[in-house]
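The values are calculated or read from the model by the stated rules, or taken from the named source; none is laboratory data. Please read all numbers here as calculations on a predicted model, not as lab measurements. Methodologically, a virtual Cβ is constructed for each residue, glycine included, from the backbone with ideal geometry; neighbour enumeration extends over all protein chains shown.
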Amino acid sequence: MKVSYLHLIAITGVLLSVLTLCLQYKHLLSALLSLEAMTLNLFILLTSISANFNFEGSMCLVLITMGACEASLGLAVLVSLIRTHGNDYVSSFSSQKC
C-alpha cells in the first residue's frame, strides 16, 4: 500500500485535533472547533484512501453529511447553553442543573 503525503497530513491533522481537544477544554466552542477539525481531517483521509479503490462517492458523501449535522447540532447546543448559563465555560456546567 502506497502512503502519500496527503495521508500523512490528514493523520497528523487528526492527531493534532485530538491533542487540541484534550488540552483546550475551558470553552465549549474550542472543543467544538477541534471536533470539526477532526471531522474534516477524517474526510480528507477517507478521500485519499478511497481514491485508490474507486470508492469515493458514497462514503465521502455520508461522512461530509454527518460532519455538517455535527456542526449544526454543536452550534445549537452552544447557543442554548449560552442562553441558559450566560457563558460557554465547561467548568460551569453540571448535570444537576439540566
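Do the conditions hold for C60, that is, is it more than 11 Å from the chain's Cα centre (by Cα), at pLDDT 85 or above and not small (G, A, S)? Outline the logic, then answer.
On the way: more than 11 Å from the chain's Cα centre (by Cα): yes; at pLDDT 85 or above: no; not small (G, A, S): yes.
Against the criterion (more than 11 Å from the chain's Cα centre (by Cα), at pLDDT 85 or above and not small (G, A, S)), C60 does not qualify.
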### Task
Would you mention how many residues in region 1-51 are in contact with an Asp or Glu (Cβ under 8 Å, 6 or more places away or on another chain), assigned to a helix (DSSP H, G or I) and not hydrophobic (A, V, I, L, M, F, W, C)?
4
#### Entry: Residue within region 69-92 that is modelled with pLDDT of 85 or more and farther than 24 Å from K26 by Cβ present
yes
## Note on the structure
Of the residues in region 21-77 that are surrounded by fewer than 12 Cβ atoms within 10 Å (Cβ to Cβ) and polar (S, T, N, Q), the one that is farthest from L8 (Cα to Cα) is S72
### Query
Looking at (1) of a type outside the set (D, E); (2) closer than 24 Å to D88 by Cα; (3) surrounded by 12 or more Cβ atoms within 10 Å (Cβ to Cβ), can you tell me which one L6 breaks?
(2)
### Message
Condition check: at pLDDT 80 or above and either surrounded by fewer than 17 Cβ atoms within 10 Å (Cβ to Cβ) or of a type in the set (A, V, I, L, M, F, W, C) (or both). Does V18 satisfy that?
### Response
yes
### Query
Would a scan of region 78-90 turn up a residue that is part of a helix (DSSP H, G or I), loosely packed, with under 15 Cβ neighbours inside 10 Å and of a type in the set (K, R)?
yes
